[in-house]
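J.: Before we start, here is the structure in question, set down as structure tokens.
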Amino acid sequence: MESLSGSGRTKTRRRRGKWVSGLGPAVRDHAVAAYVDKLVLSSPQSAAAWAEIIGDEALRLRQMESVGTSWKASDPEAARDWIAGAALPEKIRARILASPVRK
């Protein structure tokens, strides 16, 4: 049951972070991207933070766009706040903001 508690989730995230930091850069980026894909549905704010640390620029921007689009669908206001401060090219920022909100 500990894995369902806040403390358990925090410990799991720390373990994943340690594991990821031990990987080589290319493998790490793809591992983080896969983690972001899973995390965005349950914790878009955490997914955004993970996406921002991806070293490969093209992959990082794809993941950040994906997070922004998914987050906007579940919590448009919080997503817009993140988008406003995220290190995103204006073209991607505009694409996310223009995406339809699905209910």
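J.: Place a label point 7 angstrom from the Cα of SER46 along the Cα-to-Cβ direction, then list the residues of the range 72-103 whose backbone nitrogen is under 18 Å away.
T.: 72, 74-75, 79
J.: Which length gain, in nm to one decimal place, applies between GLU57 and LEU23 when the Cα-Cα distance is subtracted from 0.36 nm times their residue separation?
T.: 10.5 nm
J.: OK, next. Residues with beta-carbon under 14 Å from that of LEU59, excluding LEU59: net charge, scoring Lys, Arg +1 and Asp, Glu -1?
T.: -3
J.: Does the range 24-98 come out rounded, prolate or oblate by the C-alpha gyration tensor, with a ≥ b ≥ c the root eigenvalues, rounded set by a/c under 1.5 and, if not, prolate when a/b is larger than b/c and oblate if not?
T.: oblate
Read-outs throughout are calculated quantities, based only on the coordinates presented, and are distinct from any laboratory measurement. For clarity, every value in this text was computed on a predicted model and none was experimentally measured. Note that each Cβ is placed from the backbone with ideal geometry, even for glycine, and that neighbours are counted across all protein chains shown.
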